[in-house]
Amino acid sequence: MSQLFLVSVVCPDRSGLVSAIAERLFDLGANLGDAAFAVLGAGAEFTAVCDMPDDVAAAEVEAALRELPETGGGDVNVRAFGYADEKADSGRITHRIEVSGGDRPGLVARLAEVFQQYGANIVRLNSSRSGRGAHAAYAVRISAHIPADCADSCLNTVANTAGELGLVCRVDPA
């Protein structure tokens, strides 16, 4: 038997961080499922659903990750994952969309409203900003599940929204 844990580490970004976390989880018997890593400013975030042996407690995993030098000064949280580890159909990516250009406050909110309007599900979202003020550049990358019967309308609305803001929109089918 096994159990599912959600492992979350937020700490200063360091070279070797993912390697150290993944190795320690493997040593504890974890099988990583869905996982994500991102550098966020000067920090970093690692999140994963882990299939763990029944004889390994969440507190044991948390303590083992906290003692890593690479996670020092960070927040480590391990808890039971109360959801199935299999994705529903709406978790299957059908399109990848990138909107980029100048920094536009509210862009993510506007794009999210468009996807909601068409019953689409944002499966993964990443954004990055470089520079400040008038020279700031921004890019948002969205992996989405868009129902086939409204995909064209949804994607056209996303492109129109980007165009109204003077941004570039690129779409790739998954």
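The set of residues from the range 96-126 being polar (S, T, N, Q) and surrounded by 16 or more Cβ atoms within 10 Å (Cβ to Cβ) comprises SER100, ASN121.
One line per residue, one yes/no per condition, for (1) in the same structural domain as ASP103 (by TED's automatic domain parsing); (2) under 24 Å from ALA38 (Cβ atoms); (3) charged (D, E, K, R); (4) touching a residue at least 60 places away in the same chain (Cβ under 8 Å):
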site	(1), (2), (3), (4)
ALA134	yes, no, no, no
SER143	yes, yes, no, no
THR157	yes, no, no, no
CYS169	yes, yes, no, yes
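Is there a residue in the range 29-40 that is over 20 Å from LEU17 (Cα atoms), out of contact with any Leu (no Cβ under 9 Å at 6 or more places or on another chain) and surrounded by fewer than 14 Cβ atoms within 10 Å (Cβ to Cβ)? Looking through the range 29-40, none of the residues is over 20 Å from LEU17 (Cα atoms), out of contact with any Leu (no Cβ under 9 Å at 6 or more places or on another chain) and surrounded by fewer than 14 Cβ atoms within 10 Å (Cβ to Cβ). Within the range 128-146, can one find any residue that is modelled with pLDDT of 95 or more, more than 25 Å from ALA44 (Cα to Cα) and surrounded by 13 or more Cβ atoms within 10 Å (Cβ to Cβ)? Looking through the range 128-146, at least one residue is modelled with pLDDT of 95 or more, more than 25 Å from ALA44 (Cα to Cα) and surrounded by 13 or more Cβ atoms within 10 Å (Cβ to Cβ). Filtered by the rule that a residue be surrounded by 16 or more Cβ atoms within 10 Å (Cβ to Cβ) and aliphatic (A, V, I, L, M), the range 147-161 gives ALA151, LEU155, VAL158, ALA159. The listed residues are ILE21, ILE93, and the only one of them that is within 19 Å of the chain's Cα centre (by Cα), crowded, with 16+ Cβ neighbours inside 10 Å and part of a helix (DSSP H, G or I) turns out to be ILE21. Taken over the range 121-161, residues that are of a type outside the set (Val, Ile, Thr), on the phi < 0 side of the Ramachandran plot and in a helix (DSSP H, G or I) amount to 13.
The condition of being within 28 Å of SER128 (Cβ to Cβ), surrounded by fewer than 15 Cβ atoms within 10 Å (Cβ to Cβ) and not hydroxyl-bearing (Ser, Thr, Tyr) does not hold for PRO53.
The values are calculated or read from the model by the stated rules, or taken from the named source; none is laboratory data. All of these numbers come straight from a predicted model, not from anything done at the bench. Reconstructed Cβ throughout: ideal geometry from the backbone, glycine too, with neighbour counts over all protein chains shown.
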